[in-house]
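All remarks here apply to the structure that follows.
Quick note: the coordinates plus some simple rules give every number you see, no bench work behind them. This one's a predicted model, so the numbers in the text were calculated from it and none came from an experiment. In this analysis, Cβ positions are derived from the backbone assuming ideal geometry, glycine residues included, and neighbour counts consider all displayed protein chains.
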Amino acid sequence: IRYLGEDVSQGQLVLKGGKVIGPAGIGMLATLGRPLVRVASRPVVAVLVTGDELVGVNEKLVAGKIRDVNSYTLLSQINWKA
């Protein structure tokens, strides 16, 4: 049981800096009447894979060549953590 106005105490830290704001955090901000907050921009990331031995995943694999799996692996990891 919670009493009226007992969601948070004045001066109480409700969200830590440096963390992704998820649904619960957005709900807390709405509870506090904070429709806008300052946030850090996501970094812009580029993946550049080089090598004469690389071929695309949809290209025919021939002797002395390997498929470029690092591009897919790295981009998936970057997007998953975003």
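What to note about this one:
- Residues that are of a type in the set (D, E, K, R) and under 30 Å from Gly5 (Cβ atoms), drawn from region 29-66: Arg34, Arg38
- Residues in region 62-81 that are surrounded by fewer than 10 Cβ atoms within 10 Å (Cβ to Cβ) and not β-branched (Val, Ile, Thr): Ala63, Gly64, Asn79, Trp80, Lys81.
- The condition of being in contact (Cβ under 8 Å) with a residue 12 or more places away in the chain, in contact with a Leu (Cβ under 9 Å, 6 or more places away or on another chain) and of a type outside the set (Gly, Ala, Ser) holds for only one of Val8, Val39, Val57, that being Val8.
- Selection count where residues are surrounded by 10 or more Cβ atoms within 10 Å (Cβ to Cβ) and farther than 25 Å from Pro23 by Cα, scope region 35-50: 3
- The set of residues in region 1-37 being in a loop (DSSP other than H, G, I, E, B), closer than 30 Å to Ser76 by Cβ and not aliphatic (A, V, I, L, M) consists of Lys16, Gly17, Gly18, Lys19, Gly22.
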